[in-house]
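The values are calculated or read from the model by the stated rules, or taken from the named source; none is laboratory data. Note that the coordinates shown come from a computational prediction; the quantities given were computed from them, not determined experimentally. Every residue, glycine as well, gets a Cβ built from its backbone with ideal geometry; the counts of neighbours run over all protein chains shown. Just the protein is used for accessible areas: all its heavy atoms, side chains included, with ligands, DNA and RNA removed. Shrake-Rupley method; radii C 1.70, N 1.55, O 1.52, S 1.80 Å.
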Amino acid sequence: QVQVVESGGGLVQAGGSLTLSCAVSGRTSSINVISWSRQGPGKQRELVASISRGGSTDYADSVKGRFTISRDNANNTVSLRMNSLLPEDTGVYYCRVRILMSDYWGQGTQVTVSS
């Protein structure tokens, strides 16, 4: 089994910063891409950032230049540093882990950005 646990969400004012963490445990030897997605109020879930095992990154246009995803393969953790937060960044942030052909999701962590 694989466990995915997110942490680091909270309430922050616009312009502020937060760092989210995703910890993966269990069958971790074949982890490939890890990504962060978010779902805002009344919106569909959207991909925010992803990082491959080799460290290649990809970002949604809406967060480029503000968010940074990083990965620690030795400890099976991924972080998402979020700067210059906007009210539209509000939502539940989910970590998704791809292992072979399966995806594993965490329960999500709430990020609220006040204007």
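Before moving on, here are some points about what is shown:
- Taking residues in the stretch 12-26 that are farther than 16 Å from S37 by Cβ, and partners anywhere that are part of a strand (DSSP E or B) and among the aromatic types (F, W, Y), the pairs with Cβ atoms closer than 9 Å and at least 6 places apart or on different chains are G26/Y104.
- Selection count where residues are within 16 Å of S30 (Cα to Cα) and either touching a residue at least 60 places away in the same chain (Cβ under 8 Å) or in contact with an Asp or Glu (Cβ under 8 Å, 6 or more places away or on another chain) (or both), scope the stretch 103-115: 2
- Among the candidates L80, L100, L86, the residue that is in contact with a Phe, Trp or Tyr (Cβ under 7 Å, 6 or more places away or on another chain) and not aromatic (F, W, Y) is uniquely L80.
- The residues on offer are L47, L11, L20, and the sole one that is modelled with pLDDT of 95 or more, closer than 14 Å to M82 by Cβ, in contact with a strand residue (DSSP E or B) (Cβ under 7 Å, 6 or more places away or on another chain) and open to solvent by 50 Å² or more (accessible area, probe 1.4 Å) is L11.
- Flag if V78 is surrounded by 13 or more Cβ atoms within 10 Å (Cβ to Cβ), part of a strand (DSSP E or B) and either among the hydroxyl-bearing types (S, T, Y) or in contact (Cβ under 8 Å) with a residue 60 or more places away in the chain (or both): no
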